[in-house]
Amino acid sequence: MADYDCTRCGACCVNPLENRAEGYTEYVTVTPRDALLKHPKIVERYVVFNDDGHAHLKLDAGHRCAALKGGLGRKVRCEIYALRPAPCRRVEAGSEGCLRARREQGLPI
Ligand code: SF4
Ligand code: SF4
């Protein structure tokens with residue numbers, strides 16, 4: 001069985017191919033209840049607002065969340081772990097969504 005160690009993965013922090021195919025770049029939603037919105041420097045660095053004013057985590061050129069540091073599938077770190085928004089807290093290692101993300105990134109499942 002694969003080792004679902006998030007610190008050696010990061011797959012679910014990448015905008016999925018399905019979204020990208022549809023030009024969809026709003027991967028992780030940030031709601032007004034998420035504490036990170038109270039930190040202007042973090043908002044500036046990691047959050048984007050769409051035309052409707054809804055907040056999402058910023059993605060880098062590689063379609064990864066801008067807060068994800070390190071090498072995917074090797075050693076990763078979330079720079080805003082303590083303040084990560086609700087969708088990030090809901091993902092469970094070994095869940096269907098986790099396995100889908102890992103499969104897409106070529107990691108063992
Ligand atoms: S895809 Fe699964 S194992 Fe990888 S970081 Fe997300 S929850 Fe953790
Ligand atoms: S905030 Fe952290 S846990 Fe959430 S997608 Fe970005 S790197 Fe992953």
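The values are calculated or read from the model by the stated rules, or taken from the named source; none is laboratory data. If you're wondering where the values come from, they're calculated on a predicted model, not measured in any experiment. Here the Cβ positions follow ideal geometry from the backbone for every residue, glycine too, while neighbour counts run over all protein chains shown. The area values use the complete protein model at the heavy-atom level, side chains included, leaving out ligands, DNA and RNA. Shrake-Rupley method; radii C 1.70, N 1.55, O 1.52, S 1.80 Å.
Counting only residues that are away from ligand 1 (no atom under 14 Å from the Cβ) and either farther than 17 Å from residue 101 by Cα or in contact with a Lys or Arg (Cβ under 7 Å, 6 or more places away or on another chain) (or both), the stretch 61-82 holds 6 of them. I'd like to check which helices (runs of 4 or more DSSP H) are fully inside the stretch 3-91 and have at least 2 residues that are modelled with pLDDT of 95 or more. Of the helices (runs of 4 or more DSSP H) lying wholly inside the stretch 3-91, those with at least 2 residues that are modelled with pLDDT of 95 or more span 40-46, 86-90.
Among the residues examined, residue 57 qualifies as closer than 29 Å to residue 2 by Cα and either touching a Ser or Thr at 6+ places or on another chain (Cβ under 9 Å) or more than 16 Å from ligand 1 (Cβ to nearest atom) (or both). Restricting attention to the stretch 84-109, the residues that are open to solvent by 40 Å² or more (accessible area, probe 1.4 Å) and touching a residue at least 40 places away in the same chain (Cβ under 8 Å) add up to 9.
The residues of the stretch 20-34 that are under 23 Å from residue 104 (Cβ atoms) and surrounded by fewer than 11 Cβ atoms within 10 Å (Cβ to Cβ), listed by number, are 21, 22, 23. Just one of the listed residues (17, 37) is aliphatic (A, V, I, L, M) and open to solvent by 70 Å² or more (accessible area, probe 1.4 Å), namely 17.
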